[in-house]
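First comes the structure, then the notes that go with it.
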Amino acid sequence: MMQAADLPDTIPVFPLPGALLLPRTRLPLHIFEPRYLAMLDDTLKTQTRLIGMIQPFEAPGSKESKLHHIGCAGRLTAFSETEDGRYMVTLSGMSRFRVVEEISGFTPYRRCEVKWDGFDRDLGPVEADKTFDRKAFLDLLGRYFDDQQLSTDWDSLKEAEDELLINSLSMLCPFEPEDKQALLEAPSLSTRRETLVTLIEFALRGGSAEEIMQ
């Protein structure tokens, strides 16, 4: 298992709107843009094989998107190359990070100096949600899936551990990028579950992300 001392001060970042990676989860990615193919090649040469997933946002008057201050780094644990030079890869979530500053130049992809302080639990054991009312949550989720015309393996959801259930749904549900960022920044599993419930309830009432933030 990777330790905090093993985490580098600089990592490549992949700004992908709406793509959420959380500690101890897996995120499949399809990489085909030349700059990200270069990022992948460089990452494979490093000892940690870490790539930071981070939400970008548009800033008025800026030609390039800005980056949120908090992202999550994943270790490249699986990859395969297609005949036309594209990659199918899997990132295994390791730890969230805080951006210190973006590093200019040198590579076609974006890199950041980062700090890992404050996210100690990300490298620890699986979290439990002691106040989790699973039945009430699954009833709410059922209404949400019906409303969104989504399908799932309900037997697997009922048997999944708290962390796997909450984090997987946070990643997979079709929320807006800012909502995904709120789920990422939740300080504990219980807080993430509360945020997830709030987002689902607002969606069922036809609410918007702007209303949630007010």
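Values in this text are rule-based calculations from the coordinates and carry no lab data. What you are looking at is a predicted structure, and each value in this text was computed from that prediction instead of being measured. Cβ atoms come from the backbone with ideal geometry, glycine included; neighbour counts cover every protein chain shown.
Points to keep in mind about this one:
- Scanning segment 16-27 finds no residues that are over 22 Å from LEU169 (Cα atoms) and touching a Lys or Arg at 6+ places or on another chain (Cβ under 9 Å).
- Where ASP179 falls short, out of the listed (1) more than 29 Å from PHE32 (Cβ to Cβ); (2) in a helix (DSSP H, G or I); (3) free of Cβ contacts under 8 Å to residues at least 60 places away in the same chain: (1)
- Restricting attention to segment 7-63, the residues that are part of a loop (DSSP other than H, G, I, E, B) and of a type outside the set (Gly, Ala, Ser) total 22.
- Test: residue in segment 38-57 that is free of Cβ contacts under 8 Å to residues at least 24 places away in the same chain and touching a Phe, Trp or Tyr at 6+ places or on another chain (Cβ under 7 Å): no
- Applying the criterion of at least 2 residues that are out of contact with any Gly (no Cβ under 6 Å at 6 or more places or on another chain) and within 25 Å of SER156 (Cα to Cα) to the strands (runs of 3 or more DSSP E) found wholly in segment 69-141 leaves 70-81, 87-103.
Matching residues to (1) within 24 Å of GLU176 (Cα to Cα); (2) surrounded by fewer than 16 Cβ atoms within 10 Å (Cβ to Cβ); (3) in contact with a Leu (Cβ under 8 Å, 6 or more places away or on another chain); (4) not hydrophobic (A, V, I, L, M, F, W, C):
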position: MET2; (1), (2), (3), (4): no, yes, yes, no
position: PRO17; (1), (2), (3), (4): yes, yes, no, yes
position: THR43; (1), (2), (3), (4): no, no, yes, yes
position: GLY52; (1), (2), (3), (4): yes, no, no, yes
position: GLN55; (1), (2), (3), (4): yes, no, yes, yes
position: HIS69; (1), (2), (3), (4): yes, yes, no, yes
